[in-house]
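Student: Right, I'll just put the structure down here and ask away after.
The values are calculated or read from the model by the stated rules, or taken from the named source; none is laboratory data. Nothing here was measured: the structure is a model prediction, and the numbers come from that model. A quick note on method: Cβ atoms are made from the backbone with ideal geometry, for glycine too, and the neighbour counts reach across all protein chains shown. Side chains are part of the model used for accessible areas, which takes the heavy atoms of the whole protein and leaves out ligands, DNA and RNA. Shrake-Rupley method; radii C 1.70, N 1.55, O 1.52, S 1.80 Å.
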Amino acid sequence: MNKGKLFVFTGPSGTGKGTILKEVLASDDRLRLSVSATTRGPREGEVNGVHYWFLKKEDFEAKIAQDAFLEHACYVGNYYGTPEQPVNDQLAAGYDVVLEIEVQGAMQIHEKRPDAVMVFVAPPSLEELSDRLHGRGTESEKKIAARLATAEQELKYADRFDYVIVNDDLQEAIGDLRAILRAERCRVAHELG
Ligand code: 5GP
(Lines give C-alpha, C1' and ligand atoms only; values in the text may rest on other atoms or scores of the structure.)
Protein backbone atom coordinates (compact mmCIF):
# COMPACT_ATOMS: atom_id res chain seq x y z
CA MET A 1 0.00 0.00 0.00
CA ASN A 2 1.46 3.35 -1.03
CA LYS A 3 1.74 5.99 1.65
CA GLY A 4 2.45 8.95 -0.64
CA LYS A 5 0.36 10.28 -3.52
CA LEU A 6 1.40 10.26 -7.14
CA PHE A 7 0.93 13.49 -9.13
CA VAL A 8 1.29 13.79 -12.89
CA PHE A 9 2.16 17.26 -14.18
CA THR A 10 1.73 17.59 -17.92
CA GLY A 11 1.49 20.30 -20.52
CA PRO A 12 3.00 21.33 -23.83
CA SER A 13 6.68 22.22 -23.93
CA GLY A 14 7.08 25.94 -23.15
CA THR A 15 3.98 26.33 -20.94
CA GLY A 16 6.20 27.01 -17.95
CA LYS A 17 5.42 23.78 -16.13
CA GLY A 18 9.07 23.34 -15.14
CA THR A 19 9.18 26.84 -13.61
CA ILE A 20 5.94 26.31 -11.70
CA LEU A 21 7.12 22.97 -10.34
CA LYS A 22 10.53 24.27 -9.34
CA GLU A 23 8.93 26.94 -7.16
CA VAL A 24 6.48 24.54 -5.57
CA LEU A 25 9.13 21.86 -4.94
CA ALA A 26 11.41 24.39 -3.23
CA SER A 27 8.79 25.06 -0.56
CA ASP A 28 7.24 21.62 -0.17
CA ASP A 29 9.14 19.06 1.91
CA ARG A 30 6.67 16.28 1.24
CA LEU A 31 6.95 16.48 -2.55
CA ARG A 32 9.67 14.78 -4.59
CA LEU A 33 10.31 15.16 -8.33
CA SER A 34 10.93 11.97 -10.29
CA VAL A 35 14.11 12.20 -12.39
CA SER A 36 13.31 10.97 -15.90
CA ALA A 37 15.58 9.22 -18.36
CA THR A 38 15.97 10.58 -21.88
CA THR A 39 17.96 10.02 -25.04
CA ARG A 40 18.06 13.74 -25.88
CA GLY A 41 21.37 15.49 -25.29
CA PRO A 42 21.83 17.70 -22.22
CA ARG A 43 21.11 21.43 -22.58
CA GLU A 44 23.58 23.86 -21.13
CA GLY A 45 23.56 23.60 -17.34
CA GLU A 46 21.71 20.28 -17.24
CA VAL A 47 23.33 17.72 -14.96
CA ASN A 48 23.08 13.94 -15.31
CA GLY A 49 21.06 12.47 -12.46
CA VAL A 50 19.65 15.87 -11.47
CA HIS A 51 17.67 17.13 -14.47
CA TYR A 52 17.57 13.83 -16.35
CA TRP A 53 19.41 10.55 -16.65
CA PHE A 54 20.94 11.03 -20.10
CA LEU A 55 21.07 7.62 -21.80
CA LYS A 56 22.20 6.29 -25.15
CA LYS A 57 19.38 4.94 -27.31
CA GLU A 58 20.51 1.32 -26.88
CA ASP A 59 20.70 1.69 -23.09
CA PHE A 60 17.21 3.20 -23.02
CA GLU A 61 15.89 0.34 -25.16
CA ALA A 62 17.53 -2.21 -22.84
CA LYS A 63 15.66 -0.63 -19.92
CA ILE A 64 12.39 -0.82 -21.86
CA ALA A 65 13.07 -4.55 -22.38
CA GLN A 66 13.72 -4.94 -18.64
CA ASP A 67 10.38 -3.25 -17.93
CA ALA A 68 12.21 -0.67 -15.82
CA PHE A 69 9.92 2.24 -16.77
CA LEU A 70 6.59 3.12 -15.23
CA GLU A 71 5.87 4.82 -18.56
CA HIS A 72 7.86 5.90 -21.56
CA ALA A 73 7.20 7.75 -24.80
CA CYS A 74 8.86 9.02 -27.92
CA TYR A 75 8.67 12.82 -28.06
CA VAL A 76 10.00 14.87 -31.00
CA GLY A 77 12.48 12.14 -31.96
CA ASN A 78 13.76 11.17 -28.51
CA TYR A 79 12.78 8.69 -25.81
CA TYR A 80 11.67 9.92 -22.40
CA GLY A 81 10.74 7.63 -19.50
CA THR A 82 10.09 7.42 -15.76
CA PRO A 83 12.24 4.87 -13.90
CA GLU A 84 9.74 2.90 -11.79
CA GLN A 85 11.74 1.80 -8.76
CA PRO A 86 12.66 5.25 -7.39
CA VAL A 87 9.00 6.34 -7.66
CA ASN A 88 7.80 3.30 -5.70
CA ASP A 89 10.54 3.77 -3.10
CA GLN A 90 9.65 7.42 -2.50
CA LEU A 91 5.92 6.67 -2.27
CA ALA A 92 6.59 3.84 0.18
CA ALA A 93 8.71 6.23 2.25
CA GLY A 94 5.67 8.51 2.55
CA TYR A 95 6.64 11.22 0.06
CA ASP A 96 4.32 12.51 -2.63
CA VAL A 97 5.94 12.12 -6.02
CA VAL A 98 5.41 14.32 -9.06
CA LEU A 99 6.15 13.27 -12.64
CA GLU A 100 6.76 16.09 -15.12
CA ILE A 101 5.94 14.29 -18.36
CA GLU A 102 4.25 14.69 -21.73
CA VAL A 103 0.75 13.54 -22.66
CA GLN A 104 1.36 10.00 -23.98
CA GLY A 105 3.20 9.08 -20.80
CA ALA A 106 0.54 10.75 -18.67
CA MET A 107 -2.15 8.61 -20.31
CA GLN A 108 -0.11 5.46 -19.56
CA ILE A 109 0.07 6.46 -15.87
CA HIS A 110 -3.69 7.14 -15.86
CA GLU A 111 -4.25 3.51 -16.95
CA LYS A 112 -1.64 1.91 -14.70
CA ARG A 113 -2.16 4.00 -11.57
CA PRO A 114 -5.79 5.19 -11.61
CA ASP A 115 -5.27 6.87 -8.24
CA ALA A 116 -2.68 9.28 -9.70
CA VAL A 117 -3.76 12.93 -9.61
CA MET A 118 -3.59 14.31 -13.14
CA VAL A 119 -2.74 18.01 -13.59
CA PHE A 120 -2.51 19.72 -16.99
CA VAL A 121 -0.82 23.09 -17.55
CA ALA A 122 -2.09 24.98 -20.58
CA PRO A 123 -0.63 28.09 -22.20
CA PRO A 124 -2.99 31.09 -22.55
CA SER A 125 -2.80 30.54 -26.34
CA LEU A 126 -0.69 28.83 -29.02
CA GLU A 127 0.65 32.24 -30.11
CA GLU A 128 1.90 32.88 -26.60
CA LEU A 129 3.49 29.42 -26.54
CA SER A 130 5.29 30.09 -29.82
CA ASP A 131 6.67 33.36 -28.39
CA ARG A 132 7.91 31.56 -25.27
CA LEU A 133 9.62 28.77 -27.21
CA HIS A 134 11.36 31.29 -29.44
CA GLY A 135 12.31 33.39 -26.42
CA ARG A 136 13.88 30.40 -24.67
CA GLY A 137 16.34 30.09 -27.57
CA THR A 138 17.33 26.50 -26.79
CA GLU A 139 16.00 24.84 -29.95
CA SER A 140 16.35 25.20 -33.71
CA GLU A 141 13.45 26.58 -35.79
CA LYS A 142 12.68 23.04 -36.96
CA LYS A 143 12.55 21.66 -33.43
CA ILE A 144 10.36 24.57 -32.30
CA ALA A 145 7.94 23.86 -35.15
CA ALA A 146 7.81 20.18 -34.11
CA ARG A 147 7.22 21.14 -30.46
CA LEU A 148 4.39 23.51 -31.50
CA ALA A 149 2.73 20.87 -33.65
CA THR A 150 2.97 18.42 -30.73
CA ALA A 151 1.56 21.08 -28.38
CA GLU A 152 -1.52 21.49 -30.57
CA GLN A 153 -2.17 17.74 -30.33
CA GLU A 154 -1.46 17.68 -26.59
CA LEU A 155 -3.99 20.44 -25.84
CA LYS A 156 -6.74 18.12 -27.08
CA TYR A 157 -6.09 15.86 -24.07
CA ALA A 158 -6.62 18.55 -21.42
CA ASP A 159 -10.15 17.41 -20.61
CA ARG A 160 -8.93 13.96 -19.55
CA PHE A 161 -7.11 15.48 -16.58
CA ASP A 162 -8.41 16.11 -13.05
CA TYR A 163 -7.20 19.73 -13.03
CA VAL A 164 -6.21 22.32 -15.64
CA ILE A 165 -4.02 25.30 -14.76
CA VAL A 166 -3.87 28.08 -17.38
CA ASN A 167 -0.48 29.70 -16.99
CA ASP A 168 -1.04 33.34 -17.92
CA ASP A 169 0.30 34.59 -14.59
CA LEU A 170 3.16 32.62 -13.06
CA GLN A 171 2.44 33.47 -9.41
CA GLU A 172 -1.22 32.52 -9.81
CA ALA A 173 -0.28 29.26 -11.51
CA ILE A 174 2.09 28.43 -8.63
CA GLY A 175 -0.72 29.18 -6.19
CA ASP A 176 -3.07 26.94 -8.15
CA LEU A 177 -0.68 23.99 -7.96
CA ARG A 178 -0.15 24.51 -4.22
CA ALA A 179 -3.93 24.58 -3.77
CA ILE A 180 -4.33 21.34 -5.71
CA LEU A 181 -1.68 19.60 -3.59
CA ARG A 182 -3.29 20.88 -0.44
CA ALA A 183 -6.78 19.76 -1.43
CA GLU A 184 -5.61 16.33 -2.56
CA ARG A 185 -3.78 15.78 0.73
CA CYS A 186 -7.03 16.53 2.58
CA ARG A 187 -9.05 14.22 0.37
CA VAL A 188 -10.68 11.25 2.08
CA ALA A 189 -9.90 7.97 0.31
CA HIS A 190 -13.05 6.04 -0.56
CA GLU A 191 -12.70 2.42 -1.57
CA LEU A 192 -14.28 1.69 -4.94
CA GLY A 193 -16.71 -1.19 -5.43
P1 5GP B 1 12.39 18.58 -22.71
O2 5GP B 1 13.15 18.03 -23.87
O3 5GP B 1 11.87 19.97 -22.99
O4 5GP B 1 13.16 18.50 -21.41
O5 5GP B 1 11.12 17.66 -22.52
C6 5GP B 1 10.25 17.42 -23.57
C7 5GP B 1 8.95 16.85 -23.05
O8 5GP B 1 9.18 15.55 -22.49
C9 5GP B 1 8.34 17.71 -21.93
O10 5GP B 1 6.94 17.81 -22.19
C11 5GP B 1 8.62 16.89 -20.70
O12 5GP B 1 7.64 17.10 -19.69
C13 5GP B 1 8.53 15.49 -21.25
N14 5GP B 1 9.15 14.49 -20.38
C15 5GP B 1 10.19 14.64 -19.54
N16 5GP B 1 10.45 13.51 -18.88
C17 5GP B 1 9.55 12.59 -19.32
C18 5GP B 1 9.28 11.23 -19.01
O19 5GP B 1 9.92 10.59 -18.18
N20 5GP B 1 8.26 10.63 -19.68
C21 5GP B 1 7.51 11.27 -20.60
N22 5GP B 1 6.53 10.59 -21.17
N23 5GP B 1 7.72 12.56 -20.91
C24 5GP B 1 8.73 13.22 -20.29
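Student: 7 Å from Cα along Cα→Cβ at both Glu184 and Asp89: what's the point-to-point distance in nm?
Tutor: 2.2 nm
Student: Next up: What's the longest piece of the chain with no exposed GluC sites (Glu not before Pro), counting a site as exposed if DSSP puts it in a loop and it has at most 14 other beta carbons within 10 Å?
Tutor: Between exposed loop sites, the widest span is 47-190.
Student: How much accessible surface does Val76 have with a 1.4 Å probe, in Å² rounded to 10?
Tutor: Accessible surface of Val76 is approximately 40 Å².
Student: Would you mind calculating the relative contact order of the chain from Cα pairs under 8 angstrom and at least 6 residues apart, reporting the percent as a whole number?
Tutor: Normalised by residue count, the contact order of the chain is 31 percent.
Student: For His110, His51, what's the largest-to-smallest order of accessible area, 1.4 Å probe? Provide the component values of the computation, followed by the final result.
Tutor: Values: His110 70, His51 90 Å².
Final ranking, largest accessible area leading: His51, His110.
Student: Are there any trypsin sites (Lys or Arg not before Pro) in segment 96-193 that are in a DSSP loop and have at most 10 other Cβ atoms within 10 Å? List them by number.
Tutor: Those satisfying the criteria are Lys156, Arg187.
Student: What does the charge add up to near Ser140, with Lys and Arg as +1, Asp and Glu as -1, over the other residues with Cβ less than 14 Å from its Cβ?
Tutor: Numbers: positive: Arg40, Arg43, Arg136, Lys142, Lys143, Arg147; negative: Glu139, Glu141.
Taking every other residue near Ser140 into account, the sum is +4.
Student: So if I take the centroid of the Cα atoms in segment 30-103 and the same for segment 123-160, what is the distance between those two points in Å?
Tutor: If you average the Cα positions of each part, the centres end up 22 Å apart.
Student: Could you check how much of the accessible area of the chain is carbon and sulfur, as a whole percent, using a 1.4 Å probe?
Tutor: Here it works out to 50 percent.
Student: On a straight-distance basis, which lysines could pair with Lys22 in a cross-link, Cα separation under 27 angstrom, same-chain partners fewer than 8 positions away excluded?
Tutor: List returned: Lys3, Lys5, Lys56, Lys112, Lys143, Lys156.
Student: Return the loop-located trypsin sites (Lys or Arg not before Pro) in segment 1-93 (DSSP other than H, G, I, E, B) with at most 14 other Cβ atoms within 10 Å of their own Cβ; answer none if there are none. The partial results should precede the final answer.
Tutor: Working: sites: Lys3, Lys5, Lys17, Lys22, Arg30, Arg32, Arg40, Arg43, Lys56, Lys57, Lys63; in loops: Lys3, Lys5, Arg30, Arg40, Arg43, Lys56.
In loop regions of segment 1-93 (DSSP not H, G, I, E or B), the sparsely surrounded trypsin sites (Lys or Arg not before Pro) are Lys3, Arg30, Arg43, Lys56.
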